Structure formats: C-alpha cells, structure tokens
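The values are calculated or read from the model by the stated rules, or taken from the named source; none is laboratory data. Worth saying up front: this structure is predicted, and the values here are computed from it rather than measured. Here the Cβ positions follow ideal geometry from the backbone for every residue, glycine too, while neighbour counts run over all protein chains shown.
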Amino acid sequence: MSVQTSSNPKLKQADFATTAGAPTALSRVKGAPRAGQDPYPTRLGEALDMPWLNRREAVVKGRADEGPLSQAKLDEFERKGFLFEPNFIVGEELDELRRELQDLLGCEAYRGRDFSITEPESREIRSLFAVHFLSQRFARLARDERLLGRARQILGGEPYVHQSRINYKPGFEGKGFNWHSDFETWHAEDGMPAMHAVSASIVLTDNHAFNGPLMLMPGSHRVFVPCLGETPEDNHRQSLKRQELGVPSREALSMLVERYGIEAPTGAAGGLLLFDCNVMHGSNANMSPDPRSNVFFVYNRRDNGCVAPFAAPRRRPRFLAHGPDDTWSPDG
C-alpha cells in the first residue's frame, strides 16, 4: 500500500531540465566544484539558472534474464526509482534479524561511539553504521545472493557494500529527516563519481502511515538537484543527526512534488525496499507508539569506487563510506 500526492501532468521533462554540466550554466556559478568537469555540481556558492540537471547514467543497466527481478519489476524500478517487495523475509529468519537488531541497539559498548548516532535530543540510538562489520548475521545478509543478485541486475556490474546501517525510529520520539538525494551526499562528501548505486532496505518492524515511513518522489531519480552551501569540516557529525546541508531549496522541492508526487511504501515487517541512489526521499517524525526500524545496505558498482570528494575538504570516515575491499573494526 502507498500514499501519493497529486502531480501536475502539464509539467514535462523539458520544462525545467537541461543538459547536465552545461558549460554556459557552470560558467555563471561561483565556487562550483571542478567547473566544466563535474556533471553533478553541488554545494555551490550561487544557484544555477535552472532548478535541476538531467541524470546522465542509465537507471537499470542489467536485463531480466540476469537476475531475480522480472522485466515488469525492472520497468517499475526504471520508472519510479524504487521497488517495494512485501514478504521478502518471513518467519524465523525475520525473527532472527529482529533479535540481532535489538542486541546491537542495546550494546552499551557502542553507545557514544562515532559510528553510533543518537537522536538529536536524547541518548536513544537513531542509526548504527557499518553493521555488516559489527554483526556476522548482518554480514551474511549483506552477502546474500537474494540481495546481491538484485543489486547486480540493476547496476549492471559487480556490487560491493559502500555503506550499511540499522535505523531505529522510536515511538513518539523518533525525529524525521529532510528531503534529500543520497547521491548528492555520496558525490559531494565521499567522492562517488556516478549514479551506479542502489540501496536495499529491509523493514524489521511494521511500517504504517503514522510511524514515520520513508517517503519518496517517484521519478525524481532522473534529475539531480544541486544544493547550496560550502561543506564544513566533519559535516557528518551534524548531518547524521539533522541534515541541513545538501538539502534542496523549498522552491525546488515544491516543483519536484508538483511534478512527481510523493509515495510512502508501507507494509508488514520483512518487506524489501530497493531504491535508486538519486531518488528524492525523506521521512516524518514518528507520532505513534510503534517504533520503526530497518537494516540498510548500499550497493555501489565496483568500477564506481569513490575518489576524492567533489565538494568537501576530505572524505567522511570509513564507517560511513567503505571501499570495494575494505575491512573495518570499531576498535580501529
């Protein structure tokens, strides 16, 4: 089940989009990173003369005969930028993952560490990163061919885990998260060159309209929205609690919503949400007594490994951005 706003059928691709990285646009922007070279300039000193840029890469790079997703499912992902599969994990396997989630959230040794993000106004853990290094059970899940096969099929190449985490939004207290594109952050602060990444989120609690489910703008993955503001040192310390930089303007967001609408996939625990790295998404606060949690793996294509950041002084810590063959330990 999903909830969707109305969209304006009069707005078409040609109304706002233009060729990404057009020299005439970049030449009028002060502080644009790698002007004339970076097709996805962001964290700018001045706004471009257009609200967004066209995506350059294909969305689905593989074929239906190369993985578990049917052509109809691939077409849906191509069109919307995301795909929700109910009952992806059920029964004892789901119970085991939920127990592992609680064990990790309750581990006092992780509280207060840099890879453990708490709610802005409490010590309640909001996100725990690098979970496929912290947990053997989640490591097996990250390598599970059910996930790898889907990622490989969408990306058209061999995937690796760029980032993993568990998210927890407690009842009554779980805060929302501003609209954003993950790729904007990964490009600006991690140095991910191109849009060859997909996120796999397995919901571990029931998602309903009142406990802050993820909201997405179907079709928004086809445009890139440059954002304003220079990236400060260690921006991740603030942004992982409350993202204020790398967020599109209200004007751009209003146009995106009018053009694409909003959907919020909801359903029982065990569902899988696959979504493109560039789809615009966010979430409301949890106003219900029911917590919301999920385990989250970002699969990047191996030939799209991160380079120097495109719009930040230096790359974020390794617990946030892994390389294709990285190992990591909470103790260094």
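Inside the stretch 121-172, residues that are under 19 Å from the mean Cα position of the chain (by Cα) and of a type in the set (Ser, Thr, Tyr) make up a count of 4. The residue that is farthest from ALA252 (Cα to Cα), counting only those in the stretch 181-212 that are part of a strand (DSSP E or B) and touching a helix residue (DSSP H, G or I) at 6+ places or on another chain (Cβ under 8 Å), is ILE202. Per the listing LEU69, LEU97, LEU104, LEU48, the residue uniquely of a type in the set (A, V, I, L, M), in contact with a Lys or Arg (Cβ under 9 Å, 6 or more places away or on another chain) and modelled with pLDDT under 95 is LEU48. Reported count of residues in the stretch 242-281, each being out of contact with any His (no Cβ under 6 Å at 6 or more places or on another chain) and closer than 30 Å to GLU92 by Cβ, is 11.
When you check GLU233 against the structure, is it more than 19 Å from PRO41 (Cβ to Cβ), in a helix (DSSP H, G or I) and among the acidic types (Asp, Glu), yes or no? The answer is no for GLU233. For the stretch 305-332, the tally of residues that are farther than 22 Å from GLY157 by Cβ and among the acidic types (Asp, Glu) stands at 1.
Considering only residues in the stretch 144-180 that are within 21 Å of SER70 (Cα to Cα), touching a helix residue (DSSP H, G or I) at 6+ places or on another chain (Cβ under 8 Å) and of a type outside the set (Gly, Ala, Ser), the one that is surrounded by the fewest Cβ atoms within 10 Å (Cβ to Cβ) turns out to be GLU158.
Okay, residues lined up against (1) within 21 Å of PRO309 (Cα to Cα); (2) out of contact with any Asp or Glu (no Cβ under 9 Å at 6 or more places or on another chain); (3) in contact (Cβ under 8 Å) with a residue 60 or more places away in the chain:
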position	(1), (2), (3)
ARG165	no, yes, yes
GLY176	no, yes, yes
PHE183	yes, no, yes
HIS187	yes, no, yes
GLY191	yes, yes, yes
SER201	no, yes, yes
MET215	no, no, yes
VAL225	yes, no, yes
VAL257	no, yes, yes
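Residues of the stretch 203-219 that are over 13 Å from the mean Cα position of the chain (by Cα) and either closer than 28 Å to PHE172 by Cβ or hydroxyl-bearing (Ser, Thr, Tyr) (or both): VAL203, LEU204, THR205, ASP206, ASN207, HIS208, ALA209, PHE210, ASN211, GLY212, PRO213.
Among residues of the stretch 283-322 being β-branched (Val, Ile, Thr) and within 28 Å of ILE125 (Cα to Cα), the one that is surrounded by the most Cβ atoms within 10 Å (Cβ to Cβ) is VAL295. Taking each residue of the stretch 57-73 that is surrounded by 11 or more Cβ atoms within 10 Å (Cβ to Cβ) and looking for partners that are part of a loop (DSSP other than H, G, I, E, B) and of a type in the set (Ser, Thr, Tyr) with beta-carbon atoms closer than 7 Å, six or more apart or interchain, yields ALA64/SER70. Among (1) surrounded by fewer than 18 Cβ atoms within 10 Å (Cβ to Cβ); (2) closer than 25 Å to ASN207 by Cβ, there is one condition PHE82 misses while meeting the rest; what is its number? Against the list (1) surrounded by fewer than 18 Cβ atoms within 10 Å (Cβ to Cβ); (2) closer than 25 Å to ASN207 by Cβ, PHE82 comes up short only on (1).
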